[in-house]
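The values are calculated or read from the model by the stated rules, or taken from the named source; none is laboratory data. Computed from a predicted structure; not experimentally measured. Glycine also receives a Cβ, built like all others from the backbone with ideal geometry; neighbour counts cover every protein chain displayed.
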Number of protein chains: 2
Amino acid sequence: MSVLDFLISPAEACARSGPNDKIVLSSRVRLARNLRTVPFPTHAKKADRVRAYETLVPAVRSLAMMGDDAFADSMEKLTALEKQVLVERHLISREHAAKGAGSGLVLNREESLSVMVNEEDHLRMQSLRPGMQLRQSWLALDAVDSALQEQVEFAFTPQYGYLTACPTNLGTGIRVSAMLHLPGLVLGEQINQIIQAVNKLGLAVRGLYGEGTEALGNIFQVSNQMTLGEAESDIVERLDKVLKQIIENEENARIGLLEKKPKVLFNHIGRAFGVLSNAHTISSKETMNLLSLLRLGVDLGMLPASRKGLVDELFLVSQPAHLQLAHPAKEKLGADERDLFRADQLRTRLAALEKPDHTKVVLPPAKA
Amino acid sequence: MSVLDFLISPAEACARSGPNDKIVLSSRVRLARNLRTVPFPTHAKKADRVRAYETLVPAVRSLAMMGDDAFADSMEKLTALEKQVLVERHLISREHAAKGAGSGLVLNREESLSVMVNEEDHLRMQSLRPGMQLRQSWLALDAVDSALQEQVEFAFTPQYGYLTACPTNLGTGIRVSAMLHLPGLVLGEQINQIIQAVNKLGLAVRGLYGEGTEALGNIFQVSNQMTLGEAESDIVERLDKVLKQIIENEENARIGLLEKKPKVLFNHIGRAFGVLSNAHTISSKETMNLLSLLRLGVDLGMLPASRKGLVDELFLVSQPAHLQLAHPAKEKLGADERDLFRADQLRTRLAALEKPDHTKVVLPPAKA
């Protein structure tokens with residue numbers, strides 16, 4: 001079974017909702033773990049990698065929380081396109097997409113739990129949920145981690161905690177992150193200030209695809225940096241607290257824009273709609289930035305709330321691998337062809353969408 | 001009676017059509033004349049200017065071809081706003097709009113004949129028609145000139161011809177020009193080549209408001225430079241011939257774009273429509289450039305031919321004085337307020353317009 005047949009459709013995936021999902025697109029926790037008795041992937045020979053793979057894939061698959069209909073396969077069995085689709089869904093890392101024989105993926109039916117085998121560490125386990133659900137994500141992943149430890153022995157020392165390939169993950173091996181949509185702070189020119197403040201708290205702010213990527217579509221990933229000397233639950237609580245503060249800042253930024261520069265805001269959102277629904281060629285970057293404004297339009301009431309799913313879906317399917325998948329041609333599209341096809345898809349899908357109506361905006365109450 | 005009550009409405013003015021008006025927006029001929037016995041305006045004392053005014057306004061008004069319902073008044077009676085409206089309608093020059101007492105305007109009911117008194121010369125007479133009608137414009141103005149010479153004596157020498165304030169008008173005092181819409185040559189990057197070729201033929205290429213103005217909205221004014229040593233009818237014929245060549249170049253440029261880069265063209269036109277019908281603030285310059293693309297969309301069949309009048313009307317009413325006129329406030333709008341009001345007007349008027357449909361484009365046959 002191809003992973004593409006396994007995956008939930010973009011429309012279904014984007015129909016999901018979660019707490020505070022006007023601003024928090026998703027909450028994610030991942031744990032890095034390694035087997036005690038096998039060299040780490042970065043130093044492993046092929047036989048070692050195979051041993052880790054053959055130990056871990058069945059072990060993960062057997063877990064009750066993965067369900068009895070999980071997807072599990074070697075990365076070698078996946079095409080480049082399938083891997084890229086998984087990256088765009090945030091189910092595997094870009095690094096893992098480059099892996100082949102000896103590396104694998106186990107994914108549960110709901111796509112809320114995804115486990116990479118032989119990425120940088122033997123195990124990279126991820127719990128992903130829509131909206132602000134850091135604690136729920138953590139609890140789900142903690143259960144996976146505990147259940148797994150009944151079957152395999154992880155590299156662990158009382159002094160350092162869990163050992164990992166990279167020292168930045170040493171200790172808890174935890175990375176807690178949330179994907180935030182912050183157009184208000186960007187348009188209100190407060191984003192750099194917020195990023196600096198968040199950095200000072202020992203948290204990292206990154207772009208859409210993690211480390212070293214650009215914040216396309218006004219989307220920022222906030223995550224913990226430190227993994228050592230703090231309990232997992234404390235890290236989760238700390239990030240949760242900071243995120244609540246960022247959410248409040250974003251809400252106030254939106255209110256501030258509505259109060260001080262409503263026409264500028266309406267202008268951005270109106271033009272975004274106009275271009276997306278009438279362009280005949282459009283880059284991925286422009287698309288994301290304009291869809292971000294359309295999502296803001298939904299949040300502000302200029303477009304019906306029921307359209308959020310469509311906007312999120314367009315965001316997903318406008319990405320290269322999803323476009324390739326939707327295209328009738330089997331040959332790999334060039335960048336220009338992709339830009340043409342992306343525009344065609346957007347025009348078609350947005351044709352039914354009502355125009356943004358600024359008279360429908362309701363100013364929410366400002367918070368202290 | 002205010003000149004604003006006299007003027008034809010923008011919708012009526014733009015409903016007019018003429019030969020080849022896909023490319024030739026209007027044809028214009030003007031003659032510069034001076035009274036023999038009165039110092040030229042640039043050197044005249046107030047009493048001289050009044051004398052010229054009192055001789056010429058009644059004389060012009062009495063002409064049969066001006067009709068019995070012509071508008072005639074002193075520039076001093078017109079407000080700054082009224083003058084600016086006349087400039088935007090191409091009925092007076094920007095220079096004449098700065099004039100006051102002692103300068104005047106006579107305008108026939110159809111606005112096809114407009115006579116400025118005491119601009120740079122005692123008389124600047126203009127014949128203006130929609131589309132490619134250089135000869136018709138010339139014949140109409142020649143009749144005015146002849147009829148007037150039965151009443152007043154013009155400064156004329158057998159050696160130099162008609163004497164004018166500026167030597168560039170000496171001789172025939174004629175300026176023949178056409179306003180051309182050349183988006184194909186601009187998008188096809190052939191416009192500079194054409195301008196150079198036209199310049200070599202002794203013709204000038206200028207922007208929307210004549211000398212020293214920018215070619216906003218892909219609109220170019222082509223006119224003769226020489227007024228000496230060539231008969232008026234020869235000048236008209238020569239320009240007519242060059243214009244036919246430019247029209248053919250523009251038509252071929254459009255066909256070339258449709259054949260070689262249709263998506264680029266559809267993209268420009270689609271985005272123009274999207275922005276114009278959804279912006280909440282828009283500058284005059286951006287508006288003109290986007291309306292130019294919308295007009296091209298009409299010409300190519302992407303929008304119904306019946307919408308040409310609307311596009312031309314929006315072009316006219318998006319200009320500062322026309323906007324001020326349409327605005328409920330009596331106070332002069334600032335540039336920012338104008339940009340907001342312009343966008344409101346465009347959104348409202350374009351709400352009923354169907355989206356550009358690239359499948360409706362019919363490729364015209366290329367010419368040799």
Residue in the range A:260-269 that is away from chain B (no Cβ under 12 Å) and over 15 Å from B:G274 (Cβ atoms) present: yes
Failed item in (1) farther than 15 Å from A:R30 by Cα; (2) touching a strand residue (DSSP E or B) at 6+ places or on another chain (Cβ under 9 Å), with A:A147 passing the rest: (2)
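Yes/no per residue for (1) part of a helix (DSSP H, G or I); (2) more than 25 Å from A:E232 (Cα to Cα); (3) acidic (D, E); (4) assigned by TED's automatic domain parsing to the domain that holds A:L182:
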site	(1), (2), (3), (4)
A:A11	yes, yes, no, yes
A:G18	no, no, no, yes
A:D21	no, no, yes, yes
A:R28	no, no, no, yes
A:T37	no, no, no, yes
A:T42	yes, yes, no, yes
A:E54	yes, yes, yes, yes
A:V60	yes, no, no, yes
Among the residues listed as A:N192, A:N218, the single one being of a type outside the set (V, I, T) and within 26 Å of A:V87 (Cβ to Cβ): A:N218
Pick from the range A:344-356, criterion out of contact with any helix residue (DSSP H, G or I) (no Cβ under 9 Å at 6 or more places or on another chain) and within 11 Å of another protein chain (Cβ to nearest Cβ), ranking: modelled with the lowest pLDDT: A:A351
Residue list for the range A:169-195, restricted to those being closer than 30 Å to A:L258 by Cα and part of a strand (DSSP E or B): A:S177, A:A178, A:M179, A:L180, A:H181
Where a residue in the range A:1-15 is in contact (Cβ under 8 Å) with a residue 40 or more places away in the chain and its partner, wherever it lies, is of a type in the set (F, W, Y), with Cβ under 7 Å and at least six apart: A:V3/A:F71; A:F6/A:F71
Elements of type helices (runs of 4 or more DSSP H) contained in the range B:66-168, each with 2 or more residues being in contact (Cβ under 8 Å) with a residue 40 or more places away in the chain, of a type in the set (S, T, N, Q) and out of contact with any Pro (no Cβ under 8 Å at 6 or more places or on another chain): B:134-149
Residue in the range A:197-208 that is nearest to A:K244 (Cα to Cα), counting only those that are without any contact (Cβ under 8 Å) to a residue 60 or more places away in the chain and in contact with a strand residue (DSSP E or B) (Cβ under 9 Å, 6 or more places away or on another chain): A:V198
Residues of the range B:279-290 classified as in a helix (DSSP H, G or I) and either under 18 Å from A:S277 (Cβ atoms) or away from chain A (no Cβ under 14 Å) (or both), total: 5
Qualifying residue in the range A:292-310 (condition: surrounded by fewer than 17 Cβ atoms within 10 Å (Cβ to Cβ), part of a loop (DSSP other than H, G, I, E, B) and within 12 Å of another protein chain (Cβ to nearest Cβ)): no
Yes/no for A:A47 being small (G, A, S), within 18 Å of A:L107 (Cβ to Cβ) and surrounded by fewer than 20 Cβ atoms within 10 Å (Cβ to Cβ): no
Residue check for B:V198: within 20 Å of the chain's Cα centre (by Cα), within 17 Å of B:L134 (Cβ to Cβ), modelled with pLDDT under 95 and not in a strand (DSSP E or B): yes
Filter result (within 25 Å of B:N267 (Cβ to Cβ), without any contact (Cβ under 8 Å) to a residue 40 or more places away in the chain and part of a helix (DSSP H, G or I)) within the range B:312-344: B:L314
Subset of the range B:229-278 [part of a loop (DSSP other than H, G, I, E, B) and crowded, with 21+ Cβ neighbours inside 10 Å]: B:S277, B:N278
